[in-house]
Structures are given as C-alpha cells and as structure tokens.
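All remarks here apply to the structure that follows.
Values quoted throughout were computed directly from the atomic coordinates according to the rules given, and no laboratory measurement underlies them. Values in this document were obtained by computation on a predicted structure and should not be read as measured data. Cβ atoms come from the backbone with ideal geometry, glycine included; neighbour counts cover every protein chain shown.
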Amino acid sequence: MKNLPNFITAFRFLGTFGLLFSDVGSVAFWVMYFACGLSDMADGFLARKFHCESKTGALLDSLADLAFVVGCCIKLIPVLALPHWLWFWGAVIVVIKVINQISAIVMYKRCLFPHTIANKAADFLLFVGVPLTVFLESVVPMVMIAVVATFAAVQEGHFIRTRSV
C-alpha cells in the first residue's frame, strides 16, 4: 500500500505516452485523458490517506503532471480553435512558471512545485475545461482556466521567492 500512490503516478506517465499515439477524436484518447486526470487526483489523496507522502512522490507527481500537460498540448493545440489573445495569455502563464522554476533553482538549487490550493484548482479546471472547450467549441472554459492559472502561477512565484514553501 505504501507504494500505491507512486504506482498510480507512474501510470500517468504511461497514459500520457498512450495519448501521444491516439487520435484526439477517438474514445481511446478521452478514456486515457480522463484516467490520467483521475490518477492525478487519486495519487495525492491515497498518499495522504495511507500516510506515505514523500518528497520523491510529490516530485514524481509534479513531473507526471508536467508530462501530461505537455502531451495534451502536443495533441490538443492543433485542434483547439482559440483566439490569438488567449494563446498569448497561455504563453504568459508558461513564462511565469518558468521564471518561478529559475527562481527556485537560484534560491534553493532545485525545482519546486508548490501544491497550493490555487494550483490544484487550476489543474482541476484544466482537466475539466479542455474537453468542454473541445466539445462545446467555446472559449469560456479556457478563459476561466486562464484566470485561475494566472493567479496560481503568481502565487507560486510569491511562495517560492518568500521562502513560504
């Protein structure tokens, strides 16, 4: 039981790899997408429930999240019809998060991925909002995600730079 959360996290890496070889319009893609998203929620919950949280597990979770986001971007960016300003906004969020990691490396000699409530909210909204954007062909979910993700990125940077992590 102690390693179950890390196994679930490892599954997310495999699921992300599977996404890369699936067609976005296929049932297989969306089954893997939702399985990966649910695994993200399950691993942390189980780690806390079974008292087996670890720095290694938290780092693995963050790396699996990053891999999942990158994999989804590779597959979904070509099919998402979003206005240019929204793509720009997304790029600004990415730049803020990269600056946060550079700050962490300079200050602490390692990457830091604070698991704040705002970051969890942004992750959840992204998980739910992407399929809504694809199937409803509406930018509204992505705008809501961008607002929360911007706050989360700025807050993350604040926590890193004020040593609140």
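Sorted fewest first by neighbouring Cβ atoms within 10 angstrom, Phe68, Phe151 come out as Phe151, Phe68. Computed from the Cβ-Cβ distance with R0 of 35 Å, the FRET efficiency linking Val154 to Phe7 stands at 0.55. Value of Rg to Rh for region 29-102, rounded to two decimals, is 1.05; Kirkwood radius and Rg both from alpha-carbon coordinates.
Quick one: compute the contact order of region 1-79, relative version, from alpha carbon pairs under 8 angstrom and 6+ residues apart, as a percent.
46 percent
The calculated FRET efficiency for Leu38 paired with Val92, based on their beta-carbon distance and R0 = 35 Å, is about 0.75. Taking label points 7 Å from Cα along the Cα-to-Cβ direction, Thr56 and Ile117 give a separation of 3.2 nm.
Pairs of Lys residues in the chain, spaced 8 or more positions apart or belonging to different chains, with C-alpha separations under 17 angstrom: 5 in total. Model label sites at Ala28 and Val128, defined 7 Å from Cα along the beta-carbon direction, differ in position by 3.0 nm.
Percent of C-alpha pairs per 5 Å bin in region 40-165, short distances first: 2, 10, 18, 23, 20, 14, 8, 4, 1.
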